[in-house]
Amino acid sequence: MRKYPSLLSLALVCCCWSVQAEVFTSIGQMTDLIYTEKELVQSLKEYIKAEESKLDAVKSWANKLDVLTRASTLDPEGYLAHPVNAYKLMKRLNTEWSELESLVLQDPSDGTIGMEGGREFISNMTVHRQYFPDQEDEKGAAKALMRLQDTYKLDSESFARGKLPGMHHNAILTVDDCYDMGKTAYNEADYYHAVLWMQQALRQMDAEEEHVVSKADVLDYLSYSVYQMGDLSRAIELTRRLVAIDSSHQRAGGNLRYFEKLLSKQLNELNQEGQEPATEEPIQLGTYKRPNDYLPEREIYEALCRGEGVKMTTERRSRLYCRYHDGNRNPRLLLQPMKEEDEWDSPHIVRYLNALSDQEIEKIKELAKPRLARATVRDPITGVLTTANYRVSKSAWLEGEEDPVIERVNQRIEDITGLTTQTAELLQIANYGVGGQYEPHFDFSRRPQDIMVDGNRLATFLNYMSDVEAGGATVFPDFGAAIYPKKGTAVFWYNLFRSGEGDYRTRHAACPVLVGSKWVSNKWIHERGQEFRRPCGLTEVD
């Protein structure tokens, strides 16, 4: 049986005095009950109003999410192919659903938590919460958007408005989303991106878009981030705006005096009089220089990802051919030879068409999905496998004995390449999430202690198991090649010269996926067993 709300129960208790059985004997005392009952009616109305307000808020949430889930469930992969949708899903499940849960549990009559209403909903939440993304997932998705922003030179407004190439679903970032993006960057001491996203939040706020965060908070983070980027005059202008909005702000006054003193000192050292006026131009991508990082070929790598700087000349193209490949008259390829195309001349990279059928791809994905785990890299100092920000994907390893499809794929790779797969690694399946990438790396080991018992990675056979709407190319910064994913095709190259020396030109990268879902499978073929299939060369490097 439903209990009375606590406020109503308290009022009823207070109106009763010690000798209840004698109240009817006095009209004078009974008249007091008239006013008590009136107070209770008023209290009940307030309770109903609070419950209705709470219910309206929950209904608003439900309606908004109902529209959202109707669209997302029609094509889940297509929906999440848009990085903004992926980020907002992480944010909703990590943060916003917990807020809704608190709202459902809240008893508006006295502010305490009540377990009577929404019990089934809360039970459902408890069951599913174990699968929810956490704070690291939300932060990772936010940083992925920033990585895409940098690699493909997209300003914050392009993301906020969902203006991305190959887009199939509308997706926008609100003022509060942009603020959260900026705060994520700020907490990582990434003031470059903090400026870009706080500026976008301010821009949308000034356009009178709805928001929960205050303008003072946005200006607080923005002004200090601008100061960290070395733009004192603009930091002063933004801090003055903050003081004008909130003169009692805890930090604004002190920051303003400090910035002005610092600027005055700089001007004196330069023998300049007066304060430099702050620029009126809005802060956009390119206003400030992105700080350098650990990757020496960063600019070349990202340019190739954008399709810039590809060194495919007319002369080189004239040396590229396509042909039918029967694996040196391999019986399994005689009647249906592979279509082979040259992608690059030196080092020689080839692409095979129809390397995997749609049915094979779906079966491989079905087998891999339950086992997908965060991909790892080998720490160059300790040699221990660990996760890293420069490799963002999940992978699984499949053995040939698990399913006839895997055995058939392994045999096909052996037939095509003419190399034995007996000493090759298991078939690795990789799926790249929002902003998924693998920055420039070598497939072969450069440290003798890391080389496996079957020798180094002689060659790489890479199957593309999905098309990618935008981004996701395989690029080679050393010689300026970019190879784009095409579902069902595969590319092949040697990592080692015939002498066994590593071919350092094969340093390559998987560009961040801008729009889409990228699935690949890798087969790394080792040296052992190839002695008569790919004989050693006679020179040191051949």
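The values are calculated or read from the model by the stated rules, or taken from the named source; none is laboratory data. Keep in mind it's a predicted model, so treat the numbers as computed, not measured. Cβ coordinates were reconstructed from backbone atoms using ideal geometry, including for glycine residues, and neighbour counts include every protein chain displayed. Side chains are part of the model used for accessible areas, which takes the heavy atoms of the whole protein and leaves out ligands, DNA and RNA. Shrake-Rupley method; radii C 1.70, N 1.55, O 1.52, S 1.80 Å.
Quote the relative contact order of the chain in percent (integer), defining contacts as alpha-carbon pairs under 8 Å separated by 6+ residues.
12 percent
What's the carbon and sulfur percent of the stretch 290-408's accessible surface, probe 1.4 angstrom, rounded to a whole number?
For the stretch 290-408, the apolar C and S fraction of the accessible surface comes to 50 percent.
How long is the gain from Ser123 to Glu136 if the chain were fully straight, where each residue apart is worth 0.36 nm and the alpha carbon distance is subtracted?
Once the chain is fully extended between Ser123 and Glu136, it gains 2.2 nm.
First compute the accessible area of the stretch 415-500 with a 1.4 Å probe, then give the percent of it belonging to carbon and sulfur atoms.
For the stretch 415-500, the apolar C and S fraction of the accessible surface comes to 48 percent.
If you average the C-alpha positions of the stretch 236-255 and of the stretch 325-376 separately, how far apart do those two centres end up, in angstrom?
Measuring centre to centre over Cα atoms gives 61 Å.
Can you tell me the Rg and Dmax of the stretch 24-65, counting just the alpha carbons, in angstroms?
Spelled out, the Cα radius of gyration and Dmax of the stretch 24-65 are 18.1, 59 Å.
List the equivalent ellipsoid semi-axes of the stretch 186-276 in whole Å, largest first, each obtained as the square root of 5λ for an eigenvalue λ of the Cα gyration tensor.
25, 15, 11
Given a 1.4 angstrom probe, what's the average accessible area per residue across the stretch 403-485, in square angstrom?
Each residue of the stretch 403-485 exposes 33 Å² on average to a 1.4 Å probe.
Quick query: amide H of Val350 versus all other amide H atoms, modeled in the peptide plane; which residues come in under 5 Å with a sequence gap of 5 or more or a different chain?
Glu343, Phe492
Using R₀ = 56 Å, calculate the FRET efficiency as 1/(1 + (r/R₀)^6) where r is the Cβ-Cβ separation of Ile451 and Ile172; round to 0.05.
0.65
Taking 28 Å as the cut-off for C-alpha to C-alpha distance, list the pairs among Lys64/Lys153; Lys143/Lys163; Lys289/Lys487; Lys311/Lys487 that go past it.
Lys64/Lys153; Lys289/Lys487
So for the chain, considering every pair of alpha-carbon atoms, how many percent are separated by more than 37 Å?
Taking all Cα-Cα pairs of the chain, the fraction more than 37 Å apart is 49 percent.
Over the stretch 294-334, average the accessible area per residue using a 1.4 Å probe and give it in Å², no decimals.
75 Å²
How do the peptides 410-418, 426-434 rank, highest first, by the average count of neighbouring beta carbon atoms within 10 Å per residue?
Result, highest mean Cβ count within 10 Å first: 426-434, 410-418.
Please give every one of the aspartates and glutamates within straight-line cross-link reach of Lys91, meaning a C-alpha to C-alpha distance under 12 Å, and leave out same-chain neighbours fewer than 8 residues apart.
The qualifying aspartates and glutamates are Glu99, Asp134, Glu136, Asp137, Glu138, Asp176, Asp177, Asp180.
So who's got an amide H within less than 5 Å of the one on Ser445, skipping anything under 5 residues away but keeping other chains? H placed 1.01 Å off N, in plane.
Arg457
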